[in-house]
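Notes follow the structure.
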Amino acid sequence: MTKFSDLNLSPKVLKAVEEAGYETPTPIQEGAIPPALEGKDVLGIAQTGTGKTASFTLPMITKLARGRARARMPRSLVLCPTRELAAQVAENFDTYSKHVKLTKALLIGGVSFKEQDTLIDKGVDVLIATPGRLLDHFERGKLLLTGIEIMVVDEADRMLDMGFIPDIERIFSLTPFTRQTLFFSATMAPEIERITNTFLSAPARIEVARQASASETIEQAAMVFRPSRKDREGSEKRRMLRDLIDAEGATCTNAIIFCNRKVDVDVVAKSLKKYGYDAAPIHGDLDQSQRTRTLDGFRDGSLRFLVASDVAARGLDIPSVSHVFNFDVPSHAEDYIHRIGRTGRAGRSGKAITICTPRDEKYFDAVERLLQKAIPRIGNPKAPEPEAAQVPAPTAAPALTAAPAPVAAPAPVRESAEEQPRRSTSRRSEKPAPRSEKPAQRNNESRAPRDSNRGSDRRGGRDSNVVGLGDHLPEFIALSFDERRAS
DNA sequence: AAAAAAC
């Protein structure tokens, strides 16, 4: 069995790895570290929880330990889609570079330029950044990317979702073509494939199966909930959430509660606090210091309930969450997978409970279709009569009547021919487009490079070459983004 | 009906 000591890492890096308590590399680390150390480009297809971050930080530190940084010319660059993710990568560098003299700067939005400028002026070995703030620094003329020896793109598929691809392409074009590129994505959407074909040269390709498919270590349940009156939906749903939490009792050590909208994140967090629950909100409109504080508190166990938008759905490394509650059914089925993937990690068991209103049913159906499995319905924990769930007649607990019979055989993800025209219709266009060879025609008009107009970048080519994830190939991975979104 | 990322 391969050990870290077999991987040719510098002794100082190896020492830090051992001090952190690691001996054996994960598959992505074992696959990516050797080619990265040899100076090759790397294309890593892996998602979070696979040890992906260390698979690029360890070889980077080893390589950067030789040589010194020059003022305003960083030697390496790591791009991340969100601020929290960037901060997480920075921490990873701290952990493994403690015996090496390396300077780094974290360039993210929401904090002042001043400190970041000072660091850049002094010269840094490693720049860890979100695309917006990096380009902002560049445009102010504070930063030169011509000295970049190693560039890392982390969570590329999420960058695509967030409309960052034009930024990424621009940043690539600002770095020397002699750079080494390490590129990571959980999936290989057509647009990602195009980028890698353009900017990587003869990459070593490492694919890693996802840890466990959603169904294996996570117990899932859906609470079908019908409000008694439309204007009471919010408050009744919040009460339902408290009931669900209470019903889990002590087994619920901590939990993330996901809402679809930022306002609801605030409302739910406030409401939980009012009722004596230890809860705090996190979403993109809160200021960065608060986001950081909240996340730190949740990580160290001083905060029990994190109420979150989808900022927290992907990528963040939050160990040991016992429960995930979906206050809303996510409107994109793949987000469900990411959300519930926050629990049941590293072999631990986890539970995910989704509150589903009649309005959410069609999204919930899409989730079940994606999972290719029915999620069991549970009744109101305050009125525990499981049989009642099958009775279609109106009862005192209207929520229960809404529970449909479990889906025995979910419809296959690939629909029949007559449904296909829907799929070539972009989400933005009103009238159904005829099926054609090029489903989502590319936007011809010239765009500002920073325009994050989502959707226009997506190509929904059905014939595109899709790469699997090892043994567990969830059906949705094989579909293009347009196909996945055609609900 | 949304979220994220720049000021």
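When you check A:LEU143 against the structure, is it within 15 Å of DNA strand B (Cβ to nearest atom), not assigned by TED's automatic domain parsing to the domain that holds A:VAL311 and not β-branched (Val, Ile, Thr), yes or no? Spell out how you get there, then give the answer.
Values: within 15 Å of DNA strand B (Cβ to nearest atom): yes; not assigned by TED's automatic domain parsing to the domain that holds A:VAL311: yes; not β-branched (Val, Ile, Thr): yes.
Against the criterion (within 15 Å of DNA strand B (Cβ to nearest atom), not assigned by TED's automatic domain parsing to the domain that holds A:VAL311 and not β-branched (Val, Ile, Thr)), A:LEU143 qualifies.
Would you check if there is a residue in the range A:18-34 being without any contact (Cβ under 8 Å) to a residue 60 or more places away in the chain, surrounded by 23 or more Cβ atoms within 10 Å (Cβ to Cβ), over 27 Å from A:ILE168 (Cβ atoms) and not small (Gly, Ala, Ser)?
Yes.
In this structure, does A:LEU37 turn out to be under 28 Å from the mean Cα position of the chain (by Cα) and buried (at least 23 other Cβ atoms within 10 Å of the Cβ)?
Details: under 28 Å from the mean Cα position of the chain (by Cα): yes; buried (at least 23 other Cβ atoms within 10 Å of the Cβ): no.
Answer is no for this residue.
Take the residues in the range A:105-124 that are under 24 Å from A:LEU316 (Cα atoms) and surrounded by 21 or more Cβ atoms within 10 Å (Cβ to Cβ), then tell me which one is farthest from DNA strand B (Cβ to nearest atom).
First, the residues of the range A:105-124 that are under 24 Å from A:LEU316 (Cα atoms): A:105-112, A:116.
Now restrict to residues that are surrounded by 21 or more Cβ atoms within 10 Å (Cβ to Cβ): A:105-108, A:116.
Numbers: A:ALA105: 13, A:LEU106: 11, A:LEU107: 7, A:ILE108: 5, A:GLN116: 9 Å.
The qualifying residue farthest from DNA strand B (Cβ to nearest atom) is A:ALA105.
Any residue in the range A:330-338 that is within 16 Å of DNA strand B (Cβ to nearest atom), of a type in the set (A, V, I, L, M, F, W, C), in contact with a Leu (Cβ under 6 Å, 6 or more places away or on another chain) and open to solvent by 10 Å² or more (accessible area, probe 1.4 Å)? Outline the logic, then answer.
Of the range A:330-338, the ones within 16 Å of DNA strand B (Cβ to nearest atom) are A:330-338.
So of that shortlist, the ones also of a type in the set (A, V, I, L, M, F, W, C) come out as A:333, A:337.
Those still in the list that are in contact with a Leu (Cβ under 6 Å, 6 or more places away or on another chain) too: A:333.
So of that shortlist, the ones also open to solvent by 10 Å² or more (accessible area, probe 1.4 Å) come out as A:333.
Yes - at least one qualifying residue is present in the range A:330-338.
How many of the residues in the range A:127-138 are over 14 Å from A:GLY110 (Cα atoms) and near DNA strand B (Cβ under 7 Å from one of its atoms)? Before you say what the answer is, go through the steps one by one.
Quick first cut of the range A:127-138, residues over 14 Å from A:GLY110 (Cα atoms) only: A:127-128, A:135, A:138.
Okay, now just the ones that are also near DNA strand B (Cβ under 7 Å from one of its atoms), so A:135.
Residues meeting the conditions: 1.
Out of the residues in the range A:249-258 meeting the condition of being open to solvent by 30 Å² or more (accessible area, probe 1.4 Å) and not small (Gly, Ala, Ser), tell me which one is farthest from A:GLY284 (Cα to Cα).
Applying the filter and picking the extreme gives A:THR251.
For the range A:239-355, give me every one of the strands (runs of 3 or more DSSP E) that falls completely inside it and has 1 or more residues that are among the charged types (D, E, K, R) and outside the structural domain of A:SER185 (by TED's automatic domain parsing). Steps first, please.
Working: elements: A:255-258, A:279-282, A:305-308, A:323-326.
Filter on the range A:239-355 gives an empty set.
From A:SER97, A:SER76, which residue is touching a strand residue (DSSP E or B) at 6+ places or on another chain (Cβ under 6 Å) and of a type in the set (Gly, Ala, Ser)? Give the steps one after another, and end with the answer.
On the way: A:SER97 fails: touching a strand residue (DSSP E or B) at 6+ places or on another chain (Cβ under 6 Å).
Exactly one of A:SER97, A:SER76 is touching a strand residue (DSSP E or B) at 6+ places or on another chain (Cβ under 6 Å) and of a type in the set (Gly, Ala, Ser), namely A:SER76.
Spot the failing condition for A:GLN220; the list is (1) under 20 Å from the mean Cα position of the chain (by Cα); (2) in a helix (DSSP H, G or I); (3) more than 21 Å from A:LEU79 (Cα to Cα), and only one is missed.
Among (1) under 20 Å from the mean Cα position of the chain (by Cα); (2) in a helix (DSSP H, G or I); (3) more than 21 Å from A:LEU79 (Cα to Cα), A:GLN220 violates only (2).
Pull out all pairs, ordered by first then second residue, where Cβ-Cβ is under 9 Å, the residues are six or more apart or on different chains, the first lies in the range A:72-88 and is under 17 Å from A:THR181 (Cα atoms) and outside the structural domain of A:ARG133 (by TED's automatic domain parsing), and the second is modelled with pLDDT of 95 or more and outside any strand (DSSP E or B).
none
The values are calculated or read from the model by the stated rules, or taken from the named source; none is laboratory data. None of the values given here were measured: they were computed from a predicted structure. Cβ atoms come from the backbone with ideal geometry, glycine included; neighbour counts cover every protein chain shown. Ligands, DNA and RNA are excluded from the accessible area calculation, which covers all protein heavy atoms including side chains. Shrake-Rupley method; radii C 1.70, N 1.55, O 1.52, S 1.80 Å.
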